[in-house]
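I have placed the structure first, in the form of structure tokens, so that the comments after it can refer back to it.
None of the figures in this text is laboratory data; all of them are computed from the coordinates on show. This is a predicted model, so every value here is computed, not measured. Note: ideal-geometry Cβ built from the backbone for every residue, glycine included; neighbour counts use all protein chains shown.
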Amino acid sequence: MRNKERLAVLGAGHVGPVIARLAIAAGYPVAIATSGDPDDIALITELVIPGAQPRWASDAIADADIVVLAIPLHRFAELDPGLLAGKIVVDAMNYWPASDGVLTAFEDDSVNSRGSSEVVARRLAGSAVVKALNHIGYHELEDQARPAGAPDRRAAGLAGDDPAAVAAVAALTSRLGYDPVRLGGLPAGRVLQPGGPVFGQVLTLPEFERAVHEEARSLS
Ligand SMILES: NC(=O)c1ccc[n+]([C@@H]2O[C@H](COP(=O)([O-])OP(=O)(O)OC[C@H]3O[C@@H](n4cnc5c(N)ncnc54)[C@H](OP(=O)(O)O)[C@@H]3O)[C@@H](O)[C@H]2O)c1
């Protein structure tokens, strides 16, 4: 099966290749990029992500319908928002002060409580940002992927403000191997980030929904 959307995965570290492999298996044409020369990842791509095309990030983005940000958040400022304008952007990033350092814009000061994807979306104002694929560890993301209808299929949450983009990323999530759970606008995606009730969890759909509802009840 070949899907219409072309994917650009930015980041060839832990999680980028896993997302790329799952997407290729699902029939998406996939380009993968780091911040550097694609020649530097050509061999490893051939071995580890067969079928993916290593490209310069700007070229991969230009030809993509959906761009997956699988880079450390402290490197996000390197990206030119202009390149991403008009694209559906999957924000798979998490804010980890221990490895990212303290990034003032992403610090939650409780007065201006916000999720990291809301901060990302503010900078990418010309893009349709969807928070997704950030809350499952890379090993499990691959090992636990199951086709639609499998009895032990797990859930993955997503949140975004643009309904068409959310629909496209829900379809992507499903084809990658997870029951997509549409949580609402970007602020609803805060439950997906570190410290949230489903972060690091690989849950069935009922378990996922229960965890999110219990969190909402505890905050009300
Ligand atoms: N690890 C997980 O299980 C997991 C799961 C879900 C989400 N996440 C989130 O995904 C993000 C990446 O995590 P990771 O563990 O995969 O990181 P990682 O192993 O450190 O890999 C980061 C990759 O991003 C590339 N990169 C950095 N800046 C870039 C730029 N400006 N343009 C294009 N590529 C760039 C790096 O290549 P160069 O330095 O060569 O450019 C490297 O290939 C983090 O925010 C993390 O929280 C991780």
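List the relative contact order of region 152-220 as a percent without decimals, with contacts defined as Cα pairs under 8 Å and 6+ residues apart.
Normalised by residue count, the contact order of region 152-220 is 34 percent.
With a cut-off of 16 Å on the backbone N, the residues of region 75-99 near the modelled label site 7 Å out from Lys4 along Cα-Cβ are 87-88. Each residue of region 185-193 was assigned a 3J(HN,Hα) from its phi angle through the Karplus curve 6.51 cos²θ - 1.76 cosθ + 1.60 (θ = phi - 60°); the sequence is x, 3, x, 5, x, 4, 5, 8, 8 Hz, with glycine and proline shown as x. Database remark: amide H of Thr204 closer than 5 angstrom to the amide H of Ala155 (H placed geometrically; neighbours at sequence offset of 5 or more, or on other chains; Pro and chain starts carry no H). For Ile32, the residues whose modelled amide H falls within less than 5 Å of its own, excluding neighbours fewer than 5 places apart on the same chain, are Val9, Gln53, Arg55. Here the spin labels are modelled as points 7 Å beyond Cα on the Cα-Cβ line, and at Ser58 and Ala105 they lie 2.0 nm apart.
The amide H of Val67, built 1.01 Å from its N in the peptide plane, has Ala8, Ile88, Val89, Val90 as neighbours under 5 Å, considering only residues 5 or more places off or on other chains. Between Thr45, Thr104, Thr34, the GNM of the chain built on Cα springs shorter than 10 angstrom shows Thr104 fluctuating the most.
Computed 3J(HN,Hα) for region 159-168, one whole-Hz value per residue from the Karplus formula 6.51 cos²θ - 1.76 cosθ + 1.60 where θ = phi - 60°, is 8, x, 9, 9, x, 5, 5, 4, 4, 5, glycine and proline marked x.
For the chain, state the semi-axes of the equivalent ellipsoid (square roots of 5 times the eigenvalues of the alpha-carbon gyration tensor), sorted largest first and rounded to whole angstrom. Can you show the working numbers first?
Numbers: eigenvalues 130, 91, 48 Å².
Computed over the chain, the values are 25, 21, 15 Å.
Springs between Cα atoms under 10 Å define the GNM used for the chain, and in it the highest mean-square fluctuation of Val48, Val90, Val30 occurs at Val48. Computed from phi, the 3J(HN,Hα) profile of region 114-123 under the Karplus parametrisation 6.51, -1.76, 1.60 (θ = phi - 60°) reads 7, x, 5, 6, 5, 5, 4, 5, 5, 6 Hz, with x in place of Gly and Pro.
Relative contact order for region 29-135: what percent, with Cα pairs under 8 Å and sequence separation of 6 or more? Mind showing how you got there, number by number?
On the way: 143 pairs, mean separation 26.1, N = 107.
That works out to 24 percent.
Give the distance, in whole Å, between the Cα centre of region 68-111 and the Cα centre of region 159-186. One Cα centre to the other: 19 Å. With springs connecting C-alpha atoms under 10 Å apart, model the chain as a Gaussian network and identify which of Pro54, Pro38, Pro151 has the largest mean-square fluctuation. Highest fluctuation of the listed residues: Pro151. Taking every C-alpha pair closer than 8 Å and separated by at least 6 residues, the mean separation divided by the residue count of the chain gives a relative contact order of 16 percent.
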